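Notes follow the structure.
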Amino acid sequence: MTRDTEVLVTGVGLVTAAGPDTDSTWNAVREGRACARPDPELHGLPVTLSCRVADVDALRPRQPGASHLDPAARMGLAAVAQALDEAKLDPADWDPTRVAVVTGCSLGGMRAQEAAAARFRADGPTSVSPYFLTGYMPNMVCAAVSLHLGVTGPTLNVATACASGATALGTARDLLTTGQCDIAVVCGAEAPVSPLIATGFSQVRALSDRVSRPFDTARDGFVIAEGAGALVLERPAHAAARSAPRLARFIGYGASSDAHHLVAPHPEGRHAERALRAALAEAGLSPGDIGHVNAHGTSTPVGDAMEAAVLARVLPHRPPVTSAKGTLGHTLGAAGAIEAALTVLALRTDLVPPTAGLTVQDPALDIDAVAGSARSESSTAAVSNSFGFGGHNAVVVLARD
């Protein structure tokens, strides 16, 4: 017996280096405005650029223990609040046993970890805060959201590196379509901008200290970033019963693993291709039905080349391709959720945003990457790709309602 795999997106929320809300983030992405800035905390390192969220303390929710939350959890809660507001959902009115929370967070609270490590080295174990673990553990974004909302349905965090946000969406979709919940609050959140994490990515030559240039001939890595994206997903019958906003339909999901290398993608992208084809098949679409692609587009030489080759093979009609990482940097585990939310906005506004930093497209990449300014494009369906260290591939297909 087959099951209906379609669910509705009824709310989105964003917190990024471009601003603390959906409108400010969408405006920056639509305008192709890069948010990377020199970061004083990275001074003296090989890479000194980042995309930080301004005034994270202002995002602190008013609840017991909130002052001890890591910035990742604070950003996640702020994005979720926006998404619930747009979805016209009040936790006081729902059955908490029929709500799920699924988060994508790959690193956990790195600021909490580094602060605790510094205290331990300087003053010994008694100086470490008892709130260290609850700030650091990767599941604590999920725990903070579910506690804040009073959710008692399924709650879990997924960690598939830079694919985490997209994997969270696929996991939440499955909880909905198998009848385990009526509403799923999905959030990708990450606050990885720290000297240690920046150094780690620099050591594997993944970062740029100039600018993020997805698909450009001069691309040399991404800019590390923080942020959060939230989407509210609902079973169609539940959304209809309460006359919920219908922002988009989530109609297809595909996932695969490369089993190739700890940090490098498979050079031919065969398993990323398999994930894309699986998502299209589940959506019941042919390649020609895809109107645009929100690419993973990290601005690394190997990663962009792999993704472009996959898109050229699967989507030979060359739909417009964009990457938000030129504007927002790479938010790692949050990227898949942030970019899915941006894909929803692109579908609703008939616009494909430009890829900030893209000046001269690499002629070896056979794709139609949007550069300079946003392109008017009335798409009925779009793809959002996410690929992560360890060979994790996740593809989401969204359609306008």
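One table, with the values for the structure above:
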item: Alpha-carbon centroid distance for the pair segment 138-188 / segment 309-339, whole angstrom; result: 22
item: Under the Karplus curve 6.51 cos²θ - 1.76 cosθ + 1.60, θ = phi - 60°, whole-Hz ³J(HN,Hα) for segment 376-384, x wherever Gly or Pro sits; result: 5, 7, 8, 8, 8, 8, 9, 10, 10
item: Unit Cα scatterers, Debye sum, segment 249-292: log10 I(q)/I(0) for q = 0.19, 0.28, 0.32 Å⁻¹; result: -0.62, -0.95, -1.10
item: Label of the coordinate-derived value, Kirkwood radius over Cα pairs in Å, listed as (1) 22.3; (2) 20.6; (3) 21.7; result: (2)
item: Relative packing of peptides 278-288, 27-37, 387-397 - highest average C-beta neighbours within 10 Å first; result: 387-397, 27-37, 278-288
item: Mean ellipticity per residue at 222 nm, deg cm²/dmol - from DSSP H runs of n ≥ 4 across the chain, formula -39500 (n - 2.57); result: -10000 deg cm²/dmol
item: Protection-proxy order for peptides 297-307, 123-133, each taking the mean of Cβ atoms within 10 Å per residue, highest first; result: 297-307, 123-133
item: Check: the chain dipole with +1 on Lys, Arg Cβ and -1 on Asp, Glu Cβ, in debye; result: 140
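Each value in this text was obtained by applying a stated rule to the coordinates, not by laboratory testing. Keep in mind it's a predicted model, so treat the numbers as computed, not measured. Methodologically, a virtual Cβ is constructed for each residue, glycine included, from the backbone with ideal geometry; neighbour enumeration extends over all protein chains shown.
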